[in-house]
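Worksheet: one structure, shown below.
The values are calculated or read from the model by the stated rules, or taken from the named source; none is laboratory data. As the structure is a prediction and not an experimental result, all values here were calculated from the model. Cβ placement follows ideal geometry from the backbone for every residue including glycine, while neighbour counts extend to all protein chains displayed. Please note that ligands, DNA and RNA were not included when accessible areas were found on the heavy atoms of the full protein model with its side chains. Shrake-Rupley method; radii C 1.70, N 1.55, O 1.52, S 1.80 Å.
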Amino acid sequence: MRTSSSSSRRRRGREEEEKNTNDSVGVVDADVDVKQVKTKGLNEIITSLILLEDQEKNDLDELEKANQEERLQLEENHSKRTRAMMDYYSDLQDYHKDAERAEGTRKRKAKANAFAATNVAAMAIGTAGGAEDSVSSEQNLAANDKAPAAGPQRRLWVKNRSKDWWDQCNSPDFPEEEFKKAFRMGKETFDLICNELSSVVAKENTMLRDAVPVRQRVAVCIWRLATGEPLRLVSKKFGLGISTCHKLVLEVCSAIRSVLMPKYLRWPDEESVRRIKEEFESISGIPNVVGSMYTTHIPIIAPKISVAAYFNRRHTERNQKTSYSITVQGVVDPRGVFTDVCIGYPGSMTDDQVLEKSTLFQRANAGFYQGVWIVGGSGYPLMDWVLVPYTQQHLTWTQHAFNEKIGEIQRIAKESFARLKGRWGCLQKRTEVKLQDLPVVLGACCVLHNICELRNERLDPSLKFELIDDEMVPEIGLRSANAMKARDTIAHNLLHHNHAGTSFLS
C-alpha cells in the first residue's frame, strides 16, 4: 500500500511539472507574437513616413519646377516688352529726327523764297529809277504783283474773343470792393505784385501778334487761384485761349515762387525772432515760442502712379468717397504769416512722417532751433524743439491748463490755414493741375497769402472755410526726456504764476 501511494505521488508530480513547462512555453510564445506585432507596426509607420517624405519631396520639386517655369516666362515677357519699348522709342526718335529735318528744309526754302522775292523787288525798283513817275509806278506795281509768286506769304489767324470783363476790372473806375471780391486783394496790392513780377513775366510783341500785358497775365493767374474755376471759364473771362491761360498760370506761379518767395516767405531774422517770442508769450504765457505748426491736406485727382501713396484713408472714411491728397506743412508767426512751408508729400503720410521728411526737421537736427519751441498739435511728437499738448487720458489740472495755452497758439496756425484755403478756392477742390506742377502752384498760394496778411487784406466773411484735418497721435509720441521735463516745468509755471486759465473746470 505504501509503495503504490508513493508511486502515485511521483506520477502527479511529473504531471504538474509537465503542465508548468507547457504554461511557460505558452507565455514565451505569446511574448514573441506581441513583439512581432509591434515590430510590424513600427515598420509600417516608418514606411509610411518614408513615403510621405518622398511625396513631399516630389511636391516640392514639382513646385520649384513650376516656379522656375513661371519665372522664365516672366523674364521672357519682360524681355519682349523691353524690346518692344526700345523699338518704339527708336522709331519715335527717328520720327522726330525726320520731322526736324523736314522742318529745317521748310524753313530754308521759306528763307530762300523770301530772299528771292526781296531781290526781285529791289531789281525792279532799281531798273525803274531813271524813268518817269508813271512808268516807275507801273513797274513797281508789276514787281509787287510778281513778288508774292516767288514764295507763299504766311497769314496768322487769331480767334476774336471778348475781353469786356477784364477791361472793366482793369479800368480805374472799377469799384474797389468788386475788385477785392474777384481777386481777393485790393488794387494797390495787385499793383505791387505786378510791379514785382514785371521784369520776369513781361513778353515782347512780335510781328504776328501783341504780347499779353503783365497785368492781364498776373490777373489770369490770381483769378484762377482765387476761384478755382476751370480753365474754360478763365478763357471766357479774359478773352484768351484755354492753353494760353494754362501756360500763364504756371508761368506766373513759377515767377511768384522764384521772385517773391525769398522776399515774403522766409525764416525770420534775429530781431524778428525776438519780437515773435514776445508776441507768443503775451498770448499764451509760454516763453521762447517762435512758431505755430500745422499740416493740412489738398485734394487731388487720383494720380497715374503711386496711387496707394496718395490715398487718404481718413478723408475717405469721413466723406464716404474715395479721396486722394497731398500735404502742406506750415509754420506761422503770431500774425498768421508763413515762415516755413513743406509742400507735396503724399496724403497717406501722417503729420509726424511729413515732419521727419521736411527741411525744417533737417535744420533742427543741425541745431538751428536750439533753445526755442515750435508748437504743434497732438499729431506731432514731443522733441527738444517741438512742444505738443499732453495726450494721455487722465490729465491733472496743471496739464489741462497747459493744453489750453498750447491750444491758443495752435489755433493761430489752424486759422491761418483756414484763411489760406478760404482765400484761394483752388485748394478746396480737386484741380486740373498736374501732380508735378502742384508744389509750384501751392507755393505761390502761400506767398500770396503772406502778402495779403502783411498788407492787412481782410478776407470776406462769406469766404470763411471750415478746416477739417485728422490728427493721429504718433506711435512714438515722446522722443526726448529733456523735453518732457521742460514741458512739465512750463506747465507748472503756467499754473503757479497765474498764466493758466481755469475754463476746463467749467
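Looking across 340, 384, one residue alone is over 25 Å from the mean Cα position of the chain (by Cα), surrounded by fewer than 21 Cβ atoms within 10 Å (Cβ to Cβ) and of a type in the set (D, E, K, R). It is 384. If you filter segment 461-474 down to residues that are of a type in the set (A, V, I, L, M, F, W, C) and part of a loop (DSSP other than H, G, I, E, B), you find that the one that is farthest from residue 448 (Cα to Cα) is 473.
Filtered by the rule that a residue be buried (at least 20 other Cβ atoms within 10 Å of the Cβ) and either aliphatic (A, V, I, L, M) or without any contact (Cβ under 8 Å) to a residue 12 or more places away in the chain (or both), segment 232-250 gives 234, 240, 248, 249. From the list 221, 253, the lone residue that is under 31 Å from the mean Cα position of the chain (by Cα), crowded, with 18+ Cβ neighbours inside 10 Å and within 22 Å of residue 167 (Cβ to Cβ) is 221. When residues in segment 176-187 are screened for being free of Cβ contacts under 8 Å to residues at least 60 places away in the same chain, over 31 Å from the mean Cα position of the chain (by Cα) and surrounded by 11 or more Cβ atoms within 10 Å (Cβ to Cβ), 3 of them pass.
For every residue, the table says whether it meets (1) exposed (fewer than 14 other Cβ atoms within 10 Å of the Cβ); (2) in contact (Cβ under 8 Å) with a residue 24 or more places away in the chain; (3) touching a strand residue (DSSP E or B) at 6+ places or on another chain (Cβ under 8 Å).
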{"residue": "285", "(1), (2), (3)": "no, yes, no"}
{"residue": "300", "(1), (2), (3)": "no, yes, yes"}
{"residue": "303", "(1), (2), (3)": "no, yes, yes"}
{"residue": "308", "(1), (2), (3)": "yes, yes, no"}
{"residue": "328", "(1), (2), (3)": "no, yes, yes"}
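Residue 398 meets each of the listed conditions (1) closer than 30 Å to residue 225 by Cβ; (2) part of a helix (DSSP H, G or I); (3) of a type in the set (Ser, Thr, Tyr) apart from (1).
Note on segment 434-462: residues that are farther than 22 Å from residue 264 by Cβ and within 24 Å of the chain's Cα centre (by Cα) amount to 3. Condition first: assigned to a helix (DSSP H, G or I), open to solvent by 40 Å² or more (accessible area, probe 1.4 Å) and not aliphatic (A, V, I, L, M). Now tell me which residues in segment 188-218 satisfy that. Passing the criteria: 188, 191, 195, 196, 198, 199, 215. For segment 420-476, a tally of residues being of a type in the set (Phe, Trp, Tyr) and open to solvent by 10 Å² or more (accessible area, probe 1.4 Å) returns 1. Of the residues examined, residue 347 is not one that is of a type in the set (Gly, Ala, Ser) and either closer than 30 Å to residue 457 by Cα or open to solvent by 20 Å² or more (accessible area, probe 1.4 Å) (or both). Output yes when any residue across segment 438-446 is hydrophobic (A, V, I, L, M, F, W, C), at pLDDT 95 or above, closer than 25 Å to residue 373 by Cα and in a helix (DSSP H, G or I), and no when none is. Yes, some residue in segment 438-446 is hydrophobic (A, V, I, L, M, F, W, C), at pLDDT 95 or above, closer than 25 Å to residue 373 by Cα and in a helix (DSSP H, G or I).
Residues that are assigned to a loop (DSSP other than H, G, I, E, B) and in contact with a helix residue (DSSP H, G or I) (Cβ under 9 Å, 6 or more places away or on another chain) were ranked within segment 154-171; the one that is modelled with the lowest pLDDT is 154.
Check whether at least one residue in segment 273-283 is surrounded by fewer than 16 Cβ atoms within 10 Å (Cβ to Cβ), more than 24 Å from residue 409 (Cβ to Cβ), in contact (Cβ under 8 Å) with a residue 24 or more places away in the chain and out of contact with any Leu (no Cβ under 6 Å at 6 or more places or on another chain), and report yes or no. So far as segment 273-283 goes, no, none of its residues is surrounded by fewer than 16 Cβ atoms within 10 Å (Cβ to Cβ), more than 24 Å from residue 409 (Cβ to Cβ), in contact (Cβ under 8 Å) with a residue 24 or more places away in the chain and out of contact with any Leu (no Cβ under 6 Å at 6 or more places or on another chain).
Considering 458, 430, the condition of being part of a loop (DSSP other than H, G, I, E, B) and touching a Pro at 6+ places or on another chain (Cβ under 7 Å) is satisfied by 430 alone.
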